[in-house]
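Asks: Below you will find the structure I want to go over with you.
The values are calculated or read from the model by the stated rules, or taken from the named source; none is laboratory data. Note that the coordinates shown come from a computational prediction; the quantities given were computed from them, not determined experimentally. All Cβ positions, even for glycine, are placed from backbone atoms using ideal geometry, and neighbour counts span all protein chains on display. Only protein heavy atoms, including side chains, enter the accessible area calculation; ligands, DNA and RNA are left aside. Shrake-Rupley method; radii C 1.70, N 1.55, O 1.52, S 1.80 Å.
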Amino acid sequence: MLLYDLTSPQVSELDRSTIVVIPFGSVEQHSLHLPLGTDSIIGEAIARRLEQALPERVLLLPMTWLGCSRHHMDFAGSLTAEIETFIDVGEQLVTSMAEHGFRNFVLLNSHGGNTNKVSLMAEKLRYKLGSTVKVVAVTYWHLIGEEIQAIRETPIGGMGHSGELETSVMLVVRPELVRKDLIDPDGPGTPSKFEGRDLFASGKVAVAKPFKEMTRHGGIGDPRKASGEKGEKILSVIVEKLVEVVKEIQTGKL
């Protein structure tokens with residue numbers, strides 16, 4: 001069910017154990033070949049597929065497209081919220097729906113700069129709303145760390161910002177927006193061994209770096225191995241895992 005499409009009386013009639021899914025993305029540069037809306041486009045596509053898989057169990061809110069993208073602001077067109085603003089907006093979305101009686105929430109994140117913020121949001125809401133309300137934060141690529149090994153072709157370092165994964169998924173959901181003629185690998189060169197190098201190789205330390213300092217044109221990874229076939233496999237396994245998350249929330253296991 002899509003909140004946008006329902007009337008207020010229809011929402012009033014819904015089972016309050018329905019899982020409310022709130023997707024969080026961003027509008028920011030994605031190298032030379034992907035659009036500024038990439039994270040939000042991918043996040044919305046994943047959320048829509050989840051809703052289609054469980055239409056009677058999931059109530060999907062509109063994409064929250066303004067993310068924490070301070071590290072991309074050297075590149076034209078990027079938009080950012082301050083950390084406090086982002087967390088406040090997310091909290092207010094949850095508390096609004098909780099005021100209407102809903103008890104189960106998934107904060108579905110599709111942007112790296114939001115990852116620790118949605119986790120903090122979930123923690124704050126747990127203590128603000130109490131144990132009768134369940135808030136689960138999930139960043140989609142964290143669900144498929146094992147499965148991705150059978151899909152990816154690039155070594156560690158290839159699946160970063162605008163790399164093999166994001167480009168493959170965009171070739172499925174909005175192929176007309178992918179500038180194939182401008183695909184070019186980019187990245188941090190030789191970062192410290194303690195820094196993150198890939199969506200699936202997070203760092204051992206936390207350090208904030210603007211993308212202008214790490215890249216030539218804003219990408220981290222190698223999009224040359226991207227394909228629509230690969231993107232479809234990635235989307236399928238992500239949604240399978242999200243379906244499991246929803247079911248475990250409803251059974252009380254999670």
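Asks: Would you mind finding the longest exposed-site-free stretch of the chain, with exposed trypsin sites (Lys or Arg not before Pro) meaning DSSP loop and at most 14 other Cβ atoms within 10 Å?
Replies: Longest site-free region, per DSSP loop and neighbour criteria: 17-178.
Asks: Greater than 23 Å separation of Cα atoms is the criterion. Which listed pairs, Lys128/Lys204; Lys204/Lys230; Lys134/Lys247, meet it?
Replies: Lys128/Lys204; Lys204/Lys230
Asks: For Val94, what charge total do you get from the other residues with a beta carbon under 15 Å from its beta carbon, if Lys and Arg give +1 and Asp and Glu give -1?
Replies: Result for the neighbourhood of Val94: +3.
Asks: Still on this structure: Compute the angle between helix 228-251 and the longest alpha-carbon principal axis of the chain, please, reported from 0 to 90 degrees and rounded to the nearest 10.
Replies: 30 degrees
Asks: Within 12 Å, Cβ to Cβ, of Ala45, how many net charges do the neighbouring residues add up to if Lys/Arg are +1 and Asp/Glu are -1?
Replies: It works out to a net charge of -2.
Asks: Excluding Gly160 itself, calculate the net charge of residues whose Cβ lies under 11 Å from the Cβ of Gly160, where each Lys or Arg counts +1 and each Asp or Glu counts -1.
Replies: -4
Asks: Once the stretch 40-172 is represented by equal point scatterers at the alpha-carbon sites, with solvent omitted, what log10 I(q)/I(0) does the Debye formula produce at q = 0.10, 0.13, 0.20, 0.21 Å⁻¹?
Replies: Treating every Cα as an identical point scatterer, log10 I(q)/I(0) equals -0.37, -0.63, -1.32, -1.39.
Asks: Given R₀ = 25 Å, FRET efficiency for Thr7-Ser227 by Cβ-Cβ distance, to 0.05?
Replies: 0.05
Asks: For Cα pairs less than 8 Å apart in space and 6+ apart in sequence, what is the mean separation divided by the residue count of the chain, i.e. the relative contact order in percent?
Replies: This gives 23 percent for the chain.
Asks: Using a cut-off of 21 Å between alpha-carbon atoms, which lysines can reach Lys212, once sequence neighbours fewer than 8 places away in the same chain are excluded?
Replies: Lys193
Asks: Among rounded, prolate and oblate, which fits the stretch 143-254 when a ≥ b ≥ c are the square roots of the eigenvalues of its C-alpha gyration tensor, a/c under 1.5 means rounded, and a/b larger than b/c means prolate?
Replies: The shape class here is oblate.
Asks: Another question, if that's okay. Treating the beta-carbon of each Lys and Arg as +1 and of each Asp and Glu as -1, no other charges, what is the dipole magnitude of the chain about its Cα centre, to the nearest 20 debye?
Replies: Computed about the Cα centre, the dipole is about 460 debye.
Asks: Each residue of the stretch 49-65 in turn: what ³J(HN,Hα) in whole Hz from Karplus with 6.51, -1.76, 1.60 and θ = phi - 60°, glycine and Pro shown as x?
Replies: With coefficients 6.51, -1.76 and 1.60, one gets 5, 5, 4, 5, 6, 9, x, 8, 10, 10, 10, 9, 7, x, 4, 8, 8 Hz.
Asks: What is the percent carbon and sulfur in the accessible area of the stretch 76-140, measuring with a 1.4 Å probe over the protein chains and ignoring ligands?
Replies: 51 percent
Asks: Can you show me the helix-derived [θ] at 222 nm for the chain, built from DSSP H runs with n ≥ 4 at -39,500 (n - 2.57) apiece and divided by the number of residues, rounded to the nearest 500.
Replies: Taken over the chain, the calculation gives -11500 deg cm²/dmol.
Asks: Let me ask something else. From zero up to wherever the largest Cα-Cα distance of the stretch 1-118 sits, split into 5 Å bins and tell me the percent of pairs in each.
Replies: For the stretch 1-118, the binned pair fractions read 2, 12, 21, 21, 17, 12, 8, 4, 2, 0 percent.
Asks: Spelling out what I want: for every residue of the stretch 95-104, take phi, set θ = phi - 60°, compute 6.51 cos²θ - 1.76 cosθ + 1.60 (Karplus), and round to whole Hz; glycine and proline get x.
Replies: Per residue, the Karplus-derived 3J(HN,Hα) values read 5, 4, 6, 5, 5, 7, x, 6, 10, 10 Hz.
Asks: Multiplying the sequence separation of Gln250 and Asp15 by 0.36 nm and subtracting their Cα-Cα distance, what value in nm do you get?
Replies: Computed gain between Gln250 and Asp15 is 83.4 nm.
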